[in-house]
Amino acid sequence: MPRFEIDWKKTGGEALKYGVGFLLLGACIELLAGAFGLPHIPAILGGVKVLWLEGTLKHDIQVSSARWIVGWIIGSSIGLVLGLITGRIRPIRAMLEGLLTLFRGIPFISLVPLALRVLGLAETGKFFLVAWASAWVCWVAVDGAAREIQPSLIWRAKSLGSSSWKWIFCVLLPSCRDGIRTGLRTSLSLGLIVIAVAELSGVYEKSSGYWWSEGLGYRLFRSLDEARDDLMMASILTFALLALLGDFIFFLIWNGVPAISFSLRQKRVAKFVTAARKMELEKDTNLQKSPVLKVAGLSAGYNGKTIIHELSFTIPAGATMSVVGPSGCGKTTLIRAIGHFMDEEFSVSGQVRAGTTRIDEPGPWVGVVLQDAPVFGHMTVWDNVTFGSRFSNIPIDEAIQTAWRLLSEFGLESFASQKAETLSGGQRQRLALAMVLANRPQVLLLDEPFGALDAITRRQLQHFYWQHVHGKVTAVFVTHDLEEALLIGDNVRVGVTSDAKLIEVNKQGLSPREWELGENFNHMRASLISALEESNSSLVTEDVINLKIAANKKMERTARPEA
């Protein structure tokens, strides 16, 4: 079984907090007793003892707790499902949101007479009232969380071949975790309030033979009739203790179950890593050569505003086309348009084909790495890399071998069993690229994939790309770095207009380092900057000016004789 270490400092802090809370509660009770003649603490404890010995208090706690929990489970489940649906499916949201908002505005207490009229004093009415209040709290919290999910996570899951059910349980629910927790916890507290009101409205008598009878709320009502202030205060304090206990159990389950599950998953990952270390690694990443990528009449834009208009080009099989241009010229839009990474504001027309496959939605044939490097933070690093292999025909041994090789190449092997959310920005960027390559896509769409990396790591991955990816996967590589564009690409496209200049890069069979230090590289960089300036005067921004200054300085350093 997984081992857990107790954080004694945190535990002590929590104990102190609640200890102070109980002392202040006792002070409040004594103040009320002095001001209004209510019973003091010893009298209240005496009332509690009498009720407990009679079995009445135990019975009331059981009845109220059962009503509370059953109603809460029903209502919060309905609210959670509704929140996920309205948060993620726009047509249903447009159709139902007005009605749900109106229902949400009806206070549960106003429904007590209706529940009595329709359902009578039976338990169904109490379940209904708790469920009603719980459902709307959960709906609001989960709906808000579902709407805030990054579209890039959706595209990433689809591009790795995730099924709808896998997307729901592996991506959607974990991404809404904070909203779900808030909704469940708040509705749990509200449900106890509803039970108190519902039980005040009427219950079956115990003598009727029904176990579902009486309850703490009923005991409050009777104590007022009988002028038993001690029993009234005892019932109120019992409600408070129930709320505290319910909150404690909720957090114990909420945090404990995932912790145990993750601990067990770490053990499984450790077994995979051990198996991978014993394997003889292939010298390459087993990427299969991609088909030709053909783009014809591609147009794309946001909210009716066209950014790319009637763009057509062809990338030979296994070749990489670098795309450069000032910020805002549409480079990221091009990546989204090719992969058809859609959201509510984005529209695409035209044709994109990888060989004979028409690309009109995200799928495992298109790998994507965006600037924000979306990874599945709640999963281990290993599970991120192997995520796509669960939906492919890749043999398990081969998938393990590929995952370990990529983690080793990207310097992530020591983080295999850690959650991806613990990685730095640069490490997440490397993990995002490893996830894509492990899935063996036909087309790679890369938007500043090395942008968040330090200079040394960036150079290492540029060389890794040249050695292991270039020539095998047809790719579009967007970058602001002109030198990177020349190092990575077989050609460089300046901008995304239909008449954009395409510069062929002739590396003459040289290695990246030899090519970069050669004189032809400097001339190519200068030509690229000139093309940027000439492409469109409206695009000559501070970016281009800074690029030209940096390039001129580098050319001067290269031409300067060694001392």
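Classified by the C-alpha gyration tensor, the range 302-381 has a rounded form. Its axis ratio a/c, with a ≥ b ≥ c, is below 1.5. Pairwise Cα distances in the chain exceed 39 Å in 47 percent of cases. Please return the longest stretch of the chain lacking exposed loop sites, where trypsin sites (Lys or Arg not before Pro) count only if DSSP places them in a loop and at most 12 other Cβ atoms lie within 10 Å. In short, 4-282.
Arranged by the count of other C-beta atoms within 10 angstrom, fewest first, what order do 435, 342, 524, 233 take? Could the numbers behind the result be given before it?
Numbers: 435 28, 342 17, 524 21, 233 24.
Fewest-to-most ranking of 435, 342, 524, 233: 342, 524, 233, 435.
The calculated FRET efficiency for residue 463 paired with residue 390, based on their beta-carbon distance and R0 = 35 Å, is about 0.70. Rounded to the nearest angstrom and listed largest first, the equivalent-ellipsoid semi-axes of the range 293-559 from its Cα gyration tensor are 29, 24, 17. Hydrophobic long helices, here whole DSSP H runs in the chain with Kyte-Doolittle means of at least 1.0 and Cα atoms spread over 18 Å or more along the helix axis, are found at 41-54.
Distance between the 7 Å Cα→Cβ label points at residue 20 and residue 243: 2.0 nm. Here 379, 279 are placed in order of increasing Cβ neighbour count within 10 Å, fewest first, which gives 279, 379. Summed over qualifying helices (DSSP H, 4 residues or more, each -39500 (n - 2.57)) and divided by its residue number, the chain shows a 222 nm mean residue ellipticity of -19000 deg cm²/dmol. Loop-located GluC sites (Glu not before Pro) in the range 241-349 (DSSP state not H, G, I, E or B) with no more than 15 neighbouring Cβ atoms inside 10 Å: 280, 282, 344, 345.
Given a Förster distance of 22 angstrom, what is the FRET efficiency for residue 189 paired with residue 114, based on the Cβ-Cβ distance and rounded to 0.05? The pair residue 189/residue 114 has a calculated efficiency of 0.40. A Förster radius of 41 Å combined with the Cβ-Cβ distance from residue 418 to residue 302 puts the calculated FRET efficiency at roughly 0.65.
The numbers here are math on the coordinates, done by the rules we state, and not lab data. Keep in mind it's a predicted model, so treat the numbers as computed, not measured. Every residue, glycine among them, receives a Cβ derived from its backbone with ideal geometry; neighbour counts consider all protein chains shown.
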